[in-house]
Amino acid sequence: MGFFDKIKQSLTRTTEQFVDRFDDVVKRADGDDRSRDIDVDTIEALEEVLISADVGVAATERIIQAVRDRRGGDSLRDLVKQEILAILKGTEAPAADGHRPHVVMIVGVNGTGKTTTVGKLARLIKDSGQAPLICAADTFRAAAVEQLEVWAARAGVDIIRARAGADPAAVVFDAIAAGKARNRDIVLVDTAGRLHTRVNLMTELDKIRRVAAREVDGAPHEVLLVLDATVGQNGLTQAREFMAAAGVNGIVLTKLDGTAKGGIAVAIAHDLKLPIRYVGVGESIDDLIPFSPEEYVEALFQEKW
């Protein structure tokens, strides 16, 4: 199955609730005369459709304003699609700086699919022709390292680990040294899941960052926050705390196939100004895919008419 087919399939639950309702609004708005202003009832109906898909209040307001400003002849469907695409394309991933190994730190709260994401990302990187190394810096959760070892084996990627209770920053130090010695392109650091309200654990992330920076210039080059799409707007609060404490510069959106509110991707891009780097669309090792704004929008507006 191709990448577009996977994202299309993962958004099925969202589009089942979104497309028909959006289509009703489009028919009401476009009618026979697109030159007329869109009436208040239609605007309110469109707002309800967007909010129900978890697009978020601020992003919805931006889209609604674009609709209000539409020129004669513009299709409502095209306007909304173009505005959502503009929001998603308004964020950019950090440019590759050429440092090797390229250090990627994976952070997030418990239960978001963080550890499995590391394994899937390792597989994706390996399939692209690069050589990754996994760092098991979650030394506190019971069986965390063992779980990651299973995913590393599935991906066919080496893993650096330490004893339970070891200093996570020390494990990162060892992993970066191993990455250099083994000529690896990327070191993927799996950190312990932590609530954004736990100050001591959030401080630990800063220590890991400092250690990485001493070993490789500019490291960690990427800090990816894993967000569970099913938690909706609550994920934005988590993200803001991790941005402040860990320097998050990208998002991995997991469990997109398990929610009917896949519009959360739009809220993330609009409110956080962070790029969505990857999306999880299933449970197998191949079910993590690079995020494409164009493919997402096309999948979200899967036409049933």
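The values are calculated or read from the model by the stated rules, or taken from the named source; none is laboratory data. Everything numeric in this text was worked out from a predicted model, so none of it was measured. For neighbour counting, all protein chains shown are included, and Cβ atoms are generated from backbone atoms with ideal geometry for every residue, glycine included.
Take the conditions (1) surrounded by fewer than 16 Cβ atoms within 10 Å (Cβ to Cβ); (2) among the polar types (S, T, N, Q); (3) out of contact with any helix residue (DSSP H, G or I) (no Cβ under 7 Å at 6 or more places or on another chain); Ser75 misses just one of them, which is (3). Of all the criteria given as (1) of a type outside the set (Lys, Arg); (2) touching a Cys at 6+ places or on another chain (Cβ under 9 Å); (3) on the phi > 0 side of the Ramachandran plot, the one not satisfied by Gly247 is (2).
Every condition in (1) out of contact with any strand residue (DSSP E or B) (no Cβ under 7 Å at 6 or more places or on another chain); (2) buried (at least 17 other Cβ atoms within 10 Å of the Cβ); (3) over 20 Å from Phe242 (Cα atoms); (4) at pLDDT 95 or above holds for Val211 except the one numbered (3). When the stretch 239-254 is filtered for residues that are in contact (Cβ under 8 Å) with a residue 60 or more places away in the chain, in a strand (DSSP E or B) and aliphatic (A, V, I, L, M), only Val252 remains. Taken over the stretch 214-238, residues that are of a type in the set (A, V, I, L, M) and under 20 Å from Asp138 (Cβ atoms) amount to 6. Whenever a residue of the stretch 255-281 is at negative phi and in a loop (DSSP other than H, G, I, E, B), its partners that are crowded, with 21+ Cβ neighbours inside 10 Å and of a type in the set (Lys, Arg), lying with C-beta atoms within less than 7 angstrom and at least six residues away or across chains, give the pairs Val281/Lys6. Here the condition is being modelled with pLDDT of 95 or more, over 16 Å from Ile7 (Cβ atoms), out of contact with any His (no Cβ under 7 Å at 6 or more places or on another chain) and not in a loop (DSSP other than H, G, I, E, B); of Leu236, Leu225, it holds for Leu225 alone. Considering Val252, Val231, the condition of being touching a strand residue (DSSP E or B) at 6+ places or on another chain (Cβ under 7 Å) and not charged (D, E, K, R) is satisfied by Val252 alone.
Screening Glu92 on (1) modelled with pLDDT under 95; (2) farther than 22 Å from Ala269 by Cβ; (3) in a loop (DSSP other than H, G, I, E, B); (4) among the charged types (D, E, K, R) shows it passes everything except condition (2). Taken together, the residues in the stretch 151-201 that are surrounded by fewer than 16 Cβ atoms within 10 Å (Cβ to Cβ), hydrophobic (A, V, I, L, M, F, W, C) and either farther than 19 Å from Thr115 by Cβ or modelled with pLDDT under 95 (or both) amount to 6. Here is the figure for the stretch 112-138: residues that are of a type in the set (Asp, Glu) and in a helix (DSSP H, G or I) total 1.
Every residue, every condition in (1) surrounded by 20 or more Cβ atoms within 10 Å (Cβ to Cβ); (2) modelled with pLDDT under 85; (3) closer than 19 Å to His270 by Cα; (4) of a type in the set (Val, Ile, Thr), yes or no:
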residue: Asp30; (1), (2), (3), (4): no, yes, no, no
residue: Asp41; (1), (2), (3), (4): no, no, no, no
residue: Glu44; (1), (2), (3), (4): no, no, no, no
residue: Ile51; (1), (2), (3), (4): no, no, yes, yes
residue: Val55; (1), (2), (3), (4): yes, no, yes, yes
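Has the stretch 103-111 got at least one residue that is over 15 Å from the mean Cα position of the chain (by Cα), of a type outside the set (Asp, Glu), crowded, with 16+ Cβ neighbours inside 10 Å and not in a loop (DSSP other than H, G, I, E, B)? Yes, the stretch 103-111 contains a residue that is over 15 Å from the mean Cα position of the chain (by Cα), of a type outside the set (Asp, Glu), crowded, with 16+ Cβ neighbours inside 10 Å and not in a loop (DSSP other than H, G, I, E, B).
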